[in-house]
1. Please give the calculated 222 nm ellipticity per residue for the chain, where each DSSP H segment of at least 4 residues contributes -39500 (n - 2.57) and the sum is spread over every residue; nearest 500 deg cm²/dmol?
2. Please go through segment 305-344 and write out the GluC sites (Glu not before Pro) that DSSP classes as loop and that have at most 16 other C-beta atoms within 10 Å.
3. Once you've got the GNM for the chain with C-alpha springs shorter than 10 Å, pick whichever of LYS139, LYS60, LYS114 has the biggest mean-square fluctuation.
4. Please list the non-local residues whose amide H lies under 5 Å from the amide H of ALA115, H modeled 1.01 Å from N, same-chain partners needing a gap of 5 or more.
5. For GLY221, what residues show an amide H to amide H distance below 5 Å, using hydrogens built from the backbone and excluding near sequence neighbours?
6. With r as the distance between the Cβ atoms of ASP305 and THR188 and R0 = 41 Å, compute the FRET efficiency 1/(1 + (r/R0)^6) and round to 0.05.
7. Rounded to the nearest 20 Debye, what is the dipole magnitude of the chain about its Cα centre when Lys and Arg each give +1 and Asp and Glu each give -1 at the C-beta?
8. Return the distance in nm (one decimal) between the two label points of a simple spin-label model at SER261 and GLN200, each offset 7 Å from Cα along Cα→Cβ.
Amino acid sequence: MNPIAFGNMKGHSCRLVAFSLVFFVTTFSLGQSDHSSYIQPPYLKSGDTIAIVAPAGILKNRERSISKAMEIVSSWGLHPVLGKHVFAKNNHFAGTDQQRAEDFQNAMDDPSVKAIWCARGGYGSMRILDKLDFTNFKKNPKWVVGFSDITAFHGKLDQFGIQSIHGMMAAGLELSEELSEETQVNITSLKETLFGEPLQYKLDSSPFNKKGIAKGVLIGGNLSLLQASLQSDANLDTTGKILFIEEIGEYRYSIDRMLYSLKRAGYFDGLAALVVGEITMVKTNTTPFGMSNEELILDVVKECDFPVLFDFPAGHGDKNRTMIFGETVILDVGENQAIVTFEKQIR
């Protein structure tokens, strides 16, 4: 048995030892089957069209950011188009539910559009999911790009077995003339992913990491959205897979509660590995929680023996490297270095 396969099987233990052998064999075979079922949208090529839409929060004073995003896309040889209602305003949202759904539906159904780049998150994606008809999209899938609130779409596409891209959004570009070094790296990682370049990240190991090797399909997103999607049609099957989480602006007790919600729902049973991105702007409670982010996460999964990788550079901070959800990942968490390698699925 090779080390990768062993790591994949080994990382499925949140069950009682008495059931471990049957559980390992079952989840390993399921994981392999799940990998083969994911559909990869066509990578982009020069001349393709990418649509920028706003399915969630209002784009207040973001015109310059969107303009800069369109310039960047054009420099890649792509043709950017804006949704009709991108700058619409309806209280918290970028237009009414109907307007946001219309833009997203048009982008899905337009055969000339090869990728859908979400302008920003905030809140609102979940409100329009049931207004969308994915019939044509499932026949001709295209890349959906975004993070945070866009986790609602990632979960929905996971149910269809279609890959999607967790990455920076158009309105996230700085308004300064010169983009920061981190933003430029984020942009490069997005471009390389959209155009099908090999994707691998080598990271310094956190002292909190749980070492090990695992292989599985990457899924996940924003912790709040994952918790909110439980018992819905965007609920994830984590068996044999690698789960990514990130969060912003929550109390530690809230992070703990959301993780325990996932735990009680079985998200860590049969999981191959856990990858933790940036957890930023944690609120201060009057009563200290008594644990760091890393400590509370390790406490939640203390019965599990899968690898845990902290400090993956993705989330709401400056570092937001691109990942492919639905792609098989080889995770090697070592003493001094962690390597995250995305396997390209050739159809």
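1. Values: 11 runs with 112 residues, N = 347.
It comes out at -9500 deg cm²/dmol, rounded to the nearest 500.
2. Numbers: sites: GLU327, GLU335, GLU343; in loops: GLU327, GLU335, GLU343.
Here the sparse-neighbourhood loop sites are GLU335, GLU343.
3. Among LYS139, LYS60, LYS114, the largest GNM mean-square fluctuation belongs to LYS139.
4. The list, which skips near neighbours in sequence, is ALA51.
5. PHE244, ILE245, GLU246
6. On the way: r = 36 Å, r/R0 = 0.87.
Here the calculated transfer efficiency is 0.70.
7. Details: 34 positive and 40 negative charges, 124 e Å.
Value, rounded to 20: 600 debye.
8. 3.8 nm
The values are calculated or read from the model by the stated rules, or taken from the named source; none is laboratory data. As the structure is a computational prediction, the values presented were derived from the model and not from experiment. In this analysis, Cβ positions are derived from the backbone assuming ideal geometry, glycine residues included, and neighbour counts consider all displayed protein chains. Side chains are part of the model used for accessible areas, which takes the heavy atoms of the whole protein and leaves out ligands, DNA and RNA. Shrake-Rupley method; radii C 1.70, N 1.55, O 1.52, S 1.80 Å.
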